[in-house]
1. Across the range 103-109, in residue order, what do the Karplus-derived ³J(HN,Hα) couplings come to in whole Hz, using 6.51 cos²θ - 1.76 cosθ + 1.60 with θ = phi - 60° and x for Gly and Pro?
2. So what is the relative contact order for the chain, in percent, with contacts set as C-alpha pairs under 8 Å and at least six apart?
3. How far apart, in nm, are two points set 7 Å out from the Cα along the Cα-to-Cβ line at R16 and at K42?
4. Which residue fluctuates most in the GNM of the chain (Cα springs below 10 Å): T54, T100, T20?
5. Work out the charge dipole of the chain with +1 on the Cβ of Lys and Arg and -1 on the Cβ of Asp and Glu about the Cα centre, then indicate which of A90, M12, G22 is farthest towards its positive end.
6. Quick one: longest stretch of the chain between exposed loop chymotrypsin sites (Phe, Trp or Tyr not before Pro), exposed meaning at most 16 other C-beta atoms within 10 Å and loop per DSSP?
7. Quick one: putting +1 on the C-beta of Lys and Arg, -1 on the C-beta of Asp and Glu, what dipole do you get for the chain around its Cα centre, in Debye to the nearest 20?
8. What ³J(HN,Hα) values, in whole Hz, does the Karplus curve 6.51 cos²θ - 1.76 cosθ + 1.60 give for the range 115-126 when θ = phi - 60°, with x put for Gly and Pro?
Amino acid sequence: MSKETRPLNDTMSLKREIRTYGFAKPFWDGTRDRKVVIQYCKKSGKFQHFPRPTSIFTGRRGDIEWREISGKGEIFSYTVTYRGTDRFRAVEPYAVACVTFEGAGVNHIANMVNCTEDELKVGMKVKPYWMPLADGTNLLMFQPDR
């Protein structure tokens with residue numbers, strides 16, 4: 001099998017411990033129900049992601065609300081890792097994609113799963129894949145939206 005058609009590893013065998021912060025709690029609470037919930041600035045009418053304690057547009061905490069989005073998107077950029085850091089050495093090759101969420105225009109970086117190397121391309125449509133974590137939350141990953 002050529003490297004291009006070889007399935008990429010999904011990294012799901014690795015134990016994950018996610019550090020969360022109080023202002024990101026709604027994002028992680030949403031993952032319990034496999035929902036993508038991100039911040040929206042009411043004053044500017046724009047989404048922001050990753051979670052922050054204040055609006056990046058106004059600098060005020062009160063301008064932020066949380067809104068559910070589909071989690072679907074399009075690959076903006078990606079990389080295939082053949083030599084990972086120590087924890088990831090047993091699962092190469094694996095892919096990490098920067099995905100622009102549809103309708104929100106913000107990016108999220110996560111592993112790609114259920115995908116081969118030759119399928120990966122900028123502009124590829126993707127949808128959420130949820131990896132269960134020990135604390136009841138789920139880690140958002142992406143898979144092709146075929």
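1. Taking θ as phi minus 60°, the curve returns x, 10, x, 10, 9, 9, 9 Hz for the range 103-109.
2. So the answer I get is 26 percent.
3. Going by the 7 Å Cα→Cβ label model, 3.2 nm.
4. Checking each option, the largest mean-square fluctuation is seen for T20.
5. The residue sitting most towards the positive pole is G22.
6. Within the chain, the longest run free of exposed chymotrypsin sites (Phe, Trp or Tyr not before Pro) spans 83-146.
7. Computed about the Cα centre, the dipole is about 460 debye.
8. 8, 9, 4, 6, 6, 4, 6, 4, x, 5, 7, 9
The numbers here are math on the coordinates, done by the rules we state, and not lab data. Bear in mind that the values here come from a model prediction, so they are computed numbers and not experimental data. A quick note on method: Cβ atoms are made from the backbone with ideal geometry, for glycine too, and the neighbour counts reach across all protein chains shown.
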